[in-house]
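Taking it in order: structure first as structure tokens, then the write-up.
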Amino acid sequence: MKHVLITGASRGIGFEIAQLLLQNNFRVTGTSSKGIFSEDSNSSPKFEGLKVDQSVERDLISSIKPVIDEDSPDVLINNAGIFRDADFASDDNHWLEVWDKTMMVNLKSSSLITKWFINKHVENGSEGIIINIASRAAYRGDTQEYAAYAASKGAMVAFTKSIARDFSRMGIVAYSIAPGFVETDMAKESISVYGESHLTKDSAFDKMTQPDEIARLCLFLAGGNVNHMSGSTFHINGGSYMI
């Protein structure tokens with residue numbers, strides 16, 4: 001039974017991924033900043049939930065590193081992320097505060113977890129799969145209020161390519177998934193700023209992408225089906241940005 005470590009597993013995309021993996025006989029360790037998980041997750045003997053604030057390095061060290069060191073997950077899915085606005089007209093202190101927290105949660109913490117994951121597999125001589133949930137914004141950019149989010153996801157894609165170049169030959173493969181707007185709680189933050197019509201105005205469809213589509217893609221990648229696509233980005237954005 002493969003063991004998957006997935007961050008941000010309590011809601012949205014992460015919840016859907018965790019549920020689908022559990023249904024397909026994966027063992028799942030999921031994290032949440034609040035440590036609150038659904039009954040669907042908690043009722044499964046194959047699920048373990050951890051409370052981890054990814055903006056705090058000591059939380060990563062005390063909660064996630066032991067899982068990697070002692071249990072060596074086969075698959076790592078870096079899904080946790082935040083989507084905070086920082087208008088260029090705001091004061092510098094607020095702007096930098098948003099940038100610093102966004103980079104810590106969306107990029108630095110996931111990169112550190114990935115470093116631990118890779119080093120453990122290199123030490124064991126074992127294969128591993130890394131799936132990083134990036135964003136359409138990594139390629140298309142975003143509005144100026146969400147420049148920090150776009151920058152963090154763009155860096156995540158570059159990081160994924162970098163590790164794929166060096167570690168794929170060791171059997172450790174890495175992919176990025178770049179969704180557009182997905183119908184989750186996070187999307188509601190954009191609705192509050194721009195209105196609901198903004199989320200589908202560029203799409204080839206009349207509704208937002210559903211999180212279960214990203215979950216099915218993760219299931220496929222976690223199964224080790226396309227190792228030679230290591231370093232690739234899978235775009236799933238409703239045809240709103242085609243590349």
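For the stretch 3-236, how many pairs of lysine residues have a Cα-Cα distance under 17 Å, where the two are 8 or more positions apart or belong to different chains?
Going through the stretch 3-236 pair by pair, I get 13.
Using the Karplus equation 6.51 cos²θ - 1.76 cosθ + 1.60 (θ = phi - 60°), what ³J(HN,Hα) coupling, rounded to whole Hz, does each residue of the stretch 54-64 give in order, writing x for Gly and Pro?
Taking θ as phi minus 60°, the curve returns 6, 8, 10, 4, 5, 5, 4, 5, 7, 10, 8 Hz for the stretch 54-64.
Taking the alpha-carbon centroid of each part, what is the distance from the stretch 133-183 to the stretch 58-131 in angstrom?
Spelled out, the Cα-based centre of one part sits 13 Å from the other.
Determine the calculated [θ] at 222 nm for the chain from helices alone, applying -39500 (n - 2.57) to every DSSP H run no shorter than 4 residues and normalising by the residue count; nearest 500 deg cm²/dmol.
-12000 deg cm²/dmol
Could you give each residue of the stretch 205-211 its phi-based ³J(HN,Hα) in whole Hz, using Karplus coefficients 6.51, -1.76, 1.60 with θ = phi - 60°, and x for Gly or Pro?
10, 8, 9, 6, 4, 8, x
Using a simple charge model, +1 on the beta-carbon of Lys and Arg, -1 on the beta-carbon of Asp and Glu, nothing else, what dipole does the chain show about its Cα centre, in debye to the nearest 20?
Computed about the Cα centre, the dipole is about 680 debye.
Values in this text are rule-based calculations from the coordinates and carry no lab data. If you're wondering where the values come from, they're calculated on a predicted model, not measured in any experiment. No Cβ is skipped: glycine too gets one built from the backbone with ideal geometry, and neighbour counts run over all protein chains shown.
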